[in-house]
1. Out of A:Ala224, A:Asn27, A:Ser191, whose Cα points farthest toward the positive end of the dipole of chain A (charges: +1 Lys, Arg; -1 Asp, Glu; placed on Cβ)?
2. Go ahead and estimate [θ] at 222 nm for chain B from helices alone: -39,500 (n - 2.57) per DSSP H run with n ≥ 4, summed, over the residue count, rounded to 500.
3. Pop a pseudo-label 7 angstrom from the Cα along the beta-carbon direction at both A:Ser55 and A:Leu237 and give the gap in nm to one decimal.
4. Sequence-distant or interchain residues sharing an amide H contact under 5 Å with B:Ala78, placed H: which?
5. Mind scanning A:Lys92/A:Lys254; B:Lys130/B:Lys158; A:Lys155/B:Lys217; A:Lys109/A:Lys153; B:Lys22/B:Lys312 and naming the pairs with a C-alpha gap bigger than 32 Å?
6. Could you line up A:His219, A:His85 from fewest to most neighbouring Cβ atoms inside 10 Å?
7. Apply the Debye scattering formula to the protein assembly as shown, with a single equal point scatterer on each alpha-carbon and no solvent, then give log10 I(q)/I(0) at q = 0.10 Å⁻¹.
8. Rank B:Ser169, B:Phe269, B:Leu295 by how far each Cα sits towards the positive end of the charge dipole of region B:77-313 (+1 on Lys, Arg Cβ; -1 on Asp, Glu Cβ) and give me just the farthest.
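No value in this document is a laboratory result; all are computed from the given coordinates. This is a predicted model, so every value here is computed, not measured. Note that each Cβ is placed from the backbone with ideal geometry, even for glycine, and that neighbours are counted across all protein chains shown.
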Amino acid sequence: MTIHAMNSNLSVPEQPAQRILECEKVNVFYGDYRAVTDVNMAFGQNEITALIGPSGCGKSTLLRSLNRMNDLIDGARTEGLVTLHGENLYDKEVDPIAVRRRIGMVFQKPNPFPKSIYDNIAYGPRVLGMKPSSMDDLVEETLTRAALWDEVKDKLKQSAFGLSGGQQQRLCIARTIAVQPEIILMDEPCSALDPIATSRIEDLMRELREDYTIVIVTHNMQQAARVADRTAFFTALQDETTGNRTGVLVEYDKTTKIFEDPSDQRTEDYISGRFG
Amino acid sequence: MSTLAPSRGSASGSTRGTGSLKTKISKPGERVVLIVLRLAAALTVVITIGIIVALLLPSIQFFAEVPIFEFLFGTRWAPRFADASFGVIPLVTATAWTTGIALLVAIPLGLGAAIFLSEYAHPNLRKTLKPILELLAGIPTVVFGLFALQFVQAVVFKQWLNLDTGAFSVLAAGVVMGVMIVPTIASISEDAMSAVPQSMRQGSAALGANRMQTTVKVVFPAALSGILAAIVLGISRGVGETMIVAMAAGGQAQIVTNPLDQGQTMTGFIANAALGDSRVGSIEYNTLFAVGLLLFVITLIINYISIRVVRKFREAY
Ligand SMILES: Nc1ncnc2c1ncn2[C@@H]1O[C@H](COP(=O)(O)OP(=O)(O)O)[C@@H](O)[C@H]1O
Ligand SMILES: [Mg+2]
């Protein structure tokens, strides 16, 4: 099986033109277990970066370390530097809550709040004490931006649970952009959705790329090929010190390069379906 | 023969796909179990109906002698006096005071404990504290009654705080009843909050909400129907609680206007009067059942309202 990057976008520069977020020797531990080892990579502003690799290689773990969601997991610990515009997110003085206001997250399974569609969008702005001149306008703009307005404008006061899975996931994306983050992290956002809902979310991602930086974990290689400007391939290796398996970054490049001319044999095996 | 094979079908595998779907697969043992379960369910219904009838019959006799309006709205309760009067309002106010005071104590403490256990406590701490809390719910109410009478009223209110009060007060009974209800409210609310999926908290945290915001604005509303159910159970226990009020609230039926006064609740009256030797069919005897019926109806109304309220506020996940 060969996959061709569809967005053979010649404009993607060799290196991210503007590095918004950078990982330097990032290691993530769960207790004594090192789930991710020595990741170095830089995410480009207004680019979509895909993290791919076999299950259990630490993609979600690394993603959560980018907005300090790992802090919520008991025993999880991150070492190394993760810098947003050069500022280390793990600095002692940094408040993880402030980090998450700038770097939002969309989860694998749509997780709208058990509230109305309107309140799902308004929740973030209210909690952050944002004072929009009109909350109604903010909700409308946000839902329009997330390509959901036309579908929900007549039932804003109804429970978000009445929406389809794909609509719920777009609502979760809308909820995230309502608080104006710089970066949106997405952990397999389409894995619970059908192909049509998936393609709508992919369209949305391409549009949001104008204003946001997106990092997406996906187990679906075609999806990475379709939407990502850059792709990072991870795999799990034997940890030299402990003997446990641990996630490492194998290759990180423009998506076209990863899918058409990978430099590492392991990448080639994975994308051609010979592994994982 | 495989247990999956229809009992009347062929044992050979060659008939796969040809056996009738209408073939009965259930075993005889299952029918016995089913009959026993049906009997148990029927018995529960019969017993409930029996209780209602037992309450109703003497009450009907009571209302033949005392007009229902006089009973419900009369302000003097003196069933054993020569010029007997049967206005139940004094008993109802005393019940309202003790229950209200109990809720004032139990709701903040119970919900605070539930929020701490569910949202803030380390899982190990929760594992230790929750059973202790539930153990508290098992303390016999007579022990609480003793505590209310001999410690809260006699020592705390009269000696330490020097309050102007007698040997009994609805305040002492209410406060201790509140303490008694705390574990119930805390435990059920904690269950409801813990049942809110972790993904809700993650979604909130990812938007930059802090833990208190997540608790108050996401977890609490999502668990609200369970929390309201806990409070309603607390109210029901308060209205029906007998031992504490019989021991500590006092025995004088009067309209209570000051919580430091004594007062007799509905349950307190029944507990006291039932100990006397009322002849079956006498007015004293029938009075007991009329008050019992009123208690029953009040509890029903509370449950009915709460079901409506819970439906209205439901944020299902
Ligand atoms: N909360 C956790 N506690 C302990 N170990 C975890 C936790 N989450 C993930 N892991 C372990 O870390 C490794 C990487 O997991 P994960 O990041 O979920 O991989 P991926 O997303 O690539 O499938 C796996 O071995 C997994 O078992
Ligand atoms: Mg994952």
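1. Result: A:Ser191, furthest along the dipole toward the positive end.
2. Working: 12 runs with 193 residues, N = 317.
Computed mean residue ellipticity for chain B: -20000 deg cm²/dmol.
3. Label at A:Ser55, label at A:Leu237, 2.4 nm between them.
4. When sequence neighbours closer than 5 places are left aside, the close amide H contacts are B:Ser85, B:Phe86, B:Gly87.
5. A:Lys92/A:Lys254; B:Lys130/B:Lys158; B:Lys22/B:Lys312
6. Numbers: A:His219 16, A:His85 12.
Going from sparsest to densest Cβ surroundings: A:His85, A:His219.
7. -0.96
8. My answer, from the dipole projection, is B:Leu295.
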